[in-house]
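Novice: Got a structure for you, written out below as structure tokens; questions coming shortly.
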Amino acid sequence: MFVGQHEHSLDPKGRVVLPAAFRAFVAERGYVTQLDGCIGLWGAEEFQEVARKWKSELDAGNIKASDFRKLMGRVQEVKLDAAGRITLAKELLETLNFRSKVMVNGRFDRAEIWPIERFEAEQTEAGEEEFSEVIRRLGL
């Protein structure tokens, strides 16, 4: 399970160190793709479920074939190197305006890798009052 927030640097080659706790989920291989404002990272098993869901949505007519091709075309396999890093595609980094700092955020079945500026802006927009309401609704 991916949980927690971890700030890391992105090196000039597009490599980012994954938090030690996340590495086990992508030890053999992982998959990344563009999400809304960030890069999603799944372990192999979790991504198989995601891909099945996308295919099911295509089969049900809920998404267009061209959108499905775009989704799957942007998926890339990643592998950990000896230093616990993954390399992110230059195209993804440029599209999402990544710079030198990133936030690796756990999201239960996946991790999200955000440009730090965008992540901080989203956190500010959500606000503490809204967050308190969510906590209350969840009964925590």
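Values quoted throughout were computed directly from the atomic coordinates according to the rules given, and no laboratory measurement underlies them. Predicted model, so just to flag it, every value in this text is computed and none were measured. Positions of Cβ are backbone-derived with ideal geometry, glycine not excepted, and every protein chain shown enters the neighbour counts.
Novice: Enumerate by residue number the trypsin sites (Lys or Arg not before Pro) in the stretch 91-124 meeting two conditions: DSSP loop (anything except H, G, I, E, B), and at most 15 other Cβ atoms within 10 Å of the site's Cβ.
Specialist: Passing both the DSSP loop test and the Cβ count: 99, 107.
Novice: May I pose another question? Assigning unit charges at the beta carbon (Lys, Arg +1; Asp, Glu -1) and nothing else, what dipole magnitude in debye, to the nearest 20, does the stretch 5-137 show about its Cα centre?
Specialist: Roughly 620 debye for the stretch 5-137.
Novice: Over the chain, with a Gaussian network built from C-alpha contacts below 10 Å, which listed residue (71, 18, 96) shows the highest mean-square fluctuation?
Specialist: 71
Novice: Taking the Cβ of residue 135 as the centre, find all other residues whose Cβ is under 13 Å away and add up their charges (Lys, Arg: +1; Asp, Glu: -1).
Specialist: Spelling it out: positives minus negatives among the neighbours equals -2.
Novice: With θ set to phi - 60° and the Karplus curve 6.51 cos²θ - 1.76 cosθ + 1.60, what are the ³J(HN,Hα) couplings of the stretch 71-86 in order, to the nearest whole Hz, using x for Gly and Pro?
Specialist: 4, 5, x, 8, 6, 9, 7, 10, 10, 6, 8, 4, 8, x, 9, 10
Novice: Return the sequence-ordered ³J(HN,Hα) values of the stretch 54-69 in whole Hz as given by the Karplus equation 6.51 cos²θ - 1.76 cosθ + 1.60 applied to θ = phi - 60°, using x for Gly and Pro.
Specialist: Once θ is set to phi - 60°, the couplings for the stretch 54-69 become 4, 5, 4, 5, 5, 4, 7, x, 7, 9, 6, 4, 5, 5, 4, 4 Hz.
Novice: For the chain, with a Gaussian network of springs between Cα atoms less than 10 Å apart, report the residue from 84, 40, 61 with the top mean-square fluctuation.
Specialist: 61
Novice: Using the charge dipole of the stretch 5-137 (Lys, Arg: +1 at Cβ; Asp, Glu: -1 at Cβ; taken about the Cα centre), state which of 22, 100, 89 has its Cα farthest towards the positive end.
Specialist: 89
Novice: How big is the stretch 5-137 in terms of Cα radius of gyration and Dmax, in angstroms?
Specialist: So, for the stretch 5-137, Rg and Dmax equal 15.7, 43 Å respectively.
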